[in-house]
Amino acid sequence: MSTKTTLVTLTYGNRLCYLKALVNRSLASEQIERVIIVNNASEADLASLRSNWPHQIELIDLPSNTGSANGYKVGIEAALNCGAEYIWLMDDDNAPTLGAIDALHSRLAECEQRMGQGKAAVIGFRPGHQADLAAGVPERFATQRRSSCFGFHIAQLPYKLWRRLPWGKPSPTRNKPQPLVKLPFTTYGGLLAHRSLYERIGLPLSELLLYADDTEYTWRITATGGQIFLVTEALLDDLEDSWNIKSRTNNIYESFLLGNSDLRAYYTARNQAWFDKYVWAQSTWQYHLNRSVFLLLLRYVARRSGSSKRLSLIEQAIRDGESGRLGIHESYPL
């Protein structure tokens, strides 16, 4: 069964090669009716896409790079205004593999029968981003617990130590993820839902700019009684690896301390600290305990890796987030 699905994506810089792959693979599916591309001041010739697909692509030009939160806000609002039945969010460097879009729609239809259209969302499987599930980590350890800090929760520490031992190493063949994995929140990239769900949760928070803005946005789905399911059979390709994926480093501490971008480290840390304190913390004492241990480990890794300058940046970002200072930081313009 074909559905009226609008793909919403945004781009910046010069990423036309990725964007072409996304559009080409997506429009090969009869499920995708229209593509809305939000242009965050891209340097690429995006008009060439419209000339290739003149009746299916809509370009929305923004005068400057406003970040992912505002970009998706503009794109989702445009999709709703043009009558999209289903809205599928994708990053410009994601692309569906053969059959992925059909698998997402099929699983979403099953979930909607149980829960209703406005309460169900599905997302495609990106092994680089869902690295723990791809590696065979049990589901209860692969998703964040409430009151964690930057994903760290002291209750999961024994397992984190166990998995580093030879006999505790996770195995994807021994512990293959289920076809549907329930998530508390997720990314923009790969998210599919009926328009009524987007109408229910509203639009992304522009003040978060970029990084962790999708965490706050998709958390609204489950916080208001809906559910998000990762569809492991709907495989999405990451055409470019994100700066902070787990496969590049040994742990989250190295990701923050050794990453090559101060801007990315700042906004990720600031927004995550804001989310953890104001949204995710369910128990104040558990949150402060997890925060203390997380910072202790972060500082330990910083000393060992000689990353004192980046550590100072991250600690300032955390203070800003916990103080509710959002928006553009003058030292890190987009």
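Checking residue 234 against (1) in contact with a Ser or Thr (Cβ under 6 Å, 6 or more places away or on another chain); (2) of a type outside the set (D, E, K, R); (3) closer than 23 Å to residue 99 by Cα, which single condition isn't satisfied?
(1) is the only condition that residue 234 fails.
Can you pull out the residues in the range 282-311 that are of a type in the set (S, T, N, Q) and either open to solvent by less than 30 Å² (accessible area, probe 1.4 Å) or touching a helix residue (DSSP H, G or I) at 6+ places or on another chain (Cβ under 9 Å) (or both)?
Those that are of a type in the set (S, T, N, Q) and either open to solvent by less than 30 Å² (accessible area, probe 1.4 Å) or touching a helix residue (DSSP H, G or I) at 6+ places or on another chain (Cβ under 9 Å) (or both): 283, 286, 290, 305, 307, 308.
Does the range 79-97 contain any residue that is of a type in the set (Asp, Glu) and touching a Leu at 6+ places or on another chain (Cβ under 6 Å)?
yes
Among the residues of the range 244-271, which ones are modelled with pLDDT under 65 and either open to solvent by less than 30 Å² (accessible area, probe 1.4 Å) or part of a helix (DSSP H, G or I) (or both)?
Those that are modelled with pLDDT under 65 and either open to solvent by less than 30 Å² (accessible area, probe 1.4 Å) or part of a helix (DSSP H, G or I) (or both): 245, 246, 247, 248.
Check every one of the helices (runs of 4 or more DSSP H) wholly within the range 1-82 and list those with 1 or more residues that are under 21 Å from the mean Cα position of the chain (by Cα).
Because the criterion is at least 1 residues that are under 21 Å from the mean Cα position of the chain (by Cα), the helices (runs of 4 or more DSSP H) in the range 1-82 that meet it are 16-27, 67-81.
Could you say whether any residue in the range 222-233 is outside any helix (DSSP H, G or I), open to solvent by 30 Å² or more (accessible area, probe 1.4 Å) and either in contact with a His (Cβ under 6 Å, 6 or more places away or on another chain) or charged (D, E, K, R) (or both)?
So far as the range 222-233 goes, yes, one or more of its residues are outside any helix (DSSP H, G or I), open to solvent by 30 Å² or more (accessible area, probe 1.4 Å) and either in contact with a His (Cβ under 6 Å, 6 or more places away or on another chain) or charged (D, E, K, R) (or both).
Name the single residue that is surrounded by the most Cβ atoms within 10 Å (Cβ to Cβ) among those in the range 74-119 being over 16 Å from residue 195 (Cα atoms) and among the hydrophobic types (A, V, I, L, M, F, W, C).
101
Counting just the residues of the range 164-190 that are surrounded by 17 or more Cβ atoms within 10 Å (Cβ to Cβ) and out of contact with any helix residue (DSSP H, G or I) (no Cβ under 7 Å at 6 or more places or on another chain), which one comes out nearest to residue 31 (Cα to Cα)?
So, considering only residues that are surrounded by 17 or more Cβ atoms within 10 Å (Cβ to Cβ) and out of contact with any helix residue (DSSP H, G or I) (no Cβ under 7 Å at 6 or more places or on another chain), the one nearest to residue 31 (Cα to Cα) is 190.
Considering only residues that are part of a strand (DSSP E or B) and hydrophobic (A, V, I, L, M, F, W, C), look in the range 120-147 and name the one that is most open to solvent (accessible area, probe 1.4 Å).
125
Would you check which residues across the range 65-115 are within 30 Å of residue 207 (Cα to Cα) and among the aliphatic types (A, V, I, L, M) and list them?
Scanning the range 65-115 gives 69, 74, 76, 78, 79, 80, 84, 87, 89, 90, 95.
The values are calculated or read from the model by the stated rules, or taken from the named source; none is laboratory data. Because the structure is predicted, anything quoted here is derived from the model rather than measured. Quick reminder, even Gly has a Cβ in these numbers, built from the backbone with ideal geometry, and neighbours come from all protein chains shown. For the accessible areas, the whole protein counts, side chains as well, though only heavy atoms, and no ligand, DNA or RNA atoms are used. Shrake-Rupley method; radii C 1.70, N 1.55, O 1.52, S 1.80 Å.
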